[in-house]
Amino acid sequence: MNFKLILMSILTSSVAAMSCNNQSNNTETKMQKDSSVAAIKEEAVSYTLDGKTYKGYVVYDSSNKNKRPGVLVVHEWWGLNDYSRGRARQLAELGYIAMATDMFGEGKTGPDPKAAQDLATPFYNDPSLSKTRLDAALNKLKEYPQVDAANIAAIGYCFGGYIVLNAVKLGADLKGIVSFHGGLGGAPVKKELIKSQILVCHGEADEFVNKEVAPFKKSMDSAGVAYTFKSYPNATHAFTNPNATENGKKFNMPIEYNAAADKASWNDMKDFFNKIFTK
């Protein structure tokens, strides 16, 4: 009996020790994860242009004390929302300092297509607004000491793609831009104004933009402007946004999320940045 009691005591002690050890390891792992998450700092910022206030969102890894490339993120016509802020966080996790911009001012958003179209229409009527609004955001981002001012790019989604492309056509001082399912019209192409490298990520099934593809390519080629045009099969307008399918059904719009095209275009963007940003 004494032997059994001793054996039971040893087994109980071993199990308790293993349990404590596992709990300690789990706690340590959780702390490491929490520490990693905590290193990504998110800040709401504001900046002004012509007496109007714009509200942005800056994200970066605060554990990195070195300068790094900056990336502006321009929202869809819905306005600055969780989607563009999420993309800024993803860029920060890649090692960049990112700023989700506010093109409409005061953080305005369009909850439905009519309201969104009303907010976006002035930019289609006057493409020069693309550069002036983006320049204001660019100047704000440059205030951060973490930014390598010689290496700043911009990405944009749908309406945002139109914005970054037109800003570049009008002379924006950026290392490069990436347009995801963005409009391809707007300002005329003048080679002498373009300082940036250009990547266009287009969905082959995009009913909104397909009619603009041929004229865009012709204008760029005629002007002798270098650009990279990536096309993704079966991808509609807004193919990178997981909310696109729901919004498409809700508002009867031909938009849908495409996971394969989303992943491929994000990887194309990463490769593009690796090429254009100087070490």
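Read-outs: derived from the displayed coordinates by stated rules, not from any lab. Values in this document were obtained by computation on a predicted structure and should not be read as measured data. Cβ atoms come from the backbone with ideal geometry, glycine included; neighbour counts cover every protein chain shown.
Odds and ends about this structure:
- Relative to the longest principal axis of the Cα atoms of the chain, the long axis of helix 2-38 makes an angle of roughly 20 degrees.
- Working note: Karplus 6.51/-1.76/1.60 with θ = phi - 60° gives the range 190-204 the couplings 10, 4, 5, 8, 7, 10, 10, 7, 10, 10, 10, 10, 10, x, 5 Hz, where Gly and Pro are set to x.
- Protection-proxy order for peptides 213-223, 49-59, each taking the mean of Cβ atoms within 10 Å per residue, highest first: 49-59, 213-223
- Placing pseudo-labels 7 Å out from each Cα toward the beta carbon at THR278 and ASP221 gives an inter-label distance of 3.2 nm.
- Projected label points at THR228 and GLU192, each 7 Å from Cα along the beta carbon direction, are separated by 2.9 nanometres.
- The GluC sites (Glu not before Pro) found in the range 127-206 that occupy coil by DSSP, while having at most 16 further C-beta atoms within 10 Å, are GLU143, GLU204.
- MRE, 222 nm, helices only [DSSP H, n ≥ 4, -39500 (n - 2.57), over the chain, to nearest 500]: -15000 deg cm²/dmol
- Nearest-ten-degree value, helix 159-169 long axis tilted from longest Cα axis of the chain: 60
- For Kirkwood radius over Cα pairs in Å, calculated from these coordinates, the label among [x] 22.2; [y] 19.2; [z] 20.4: [z]
- Once the Cα-Cα distance is subtracted from the 0.36 nm per residue extended length, the ASP112 to LYS142 segment shows a gain of 7.5 nm.
- Under the simplified labelling scheme, the MET253-LYS52 pair shows an inter-label distance of 2.1 nm, with each label point 7 Å from Cα along Cα→Cβ.
- With the highest mean first, a sort of the peptides 154-161, 226-233, 127-134, 246-253 on other beta-carbon atoms found within 10 angstrom per residue produces 154-161, 127-134, 226-233, 246-253.
- The long axis of helix 113-125 is offset from the longest Cα principal axis of the chain by roughly 50 degrees.
- Residues with amide H under 5 Å from that of GLY107, placed H, sequence gap 5 or more: LYS55
- The chain: antiparallel DSSP beta bridges as a percent of all, rounded to 5: 35
- Positive-pole candidate from PRO111, SER46, VAL213, dipole of the chain, charges at beta carbon: SER46
- Vicinal HN-Hα couplings computed from phi for the range 91-108 (Karplus, 6.51 cos²θ - 1.76 cosθ + 1.60; Hz; Gly/Pro x): 5, 5, 5, 7, x, 8, 9, 10, 10, 7, 9, 10, 7, 8, x, 6, x, 5
- Counting 0.36 nm for each residue step from LYS67 to THR245 and taking away their Cα separation leaves a gain of 60.3 nm.
- Net charge contributed by nearby residues that have their C-beta within less than 9 Å of ARG68 (K/R +1, D/E -1): -1
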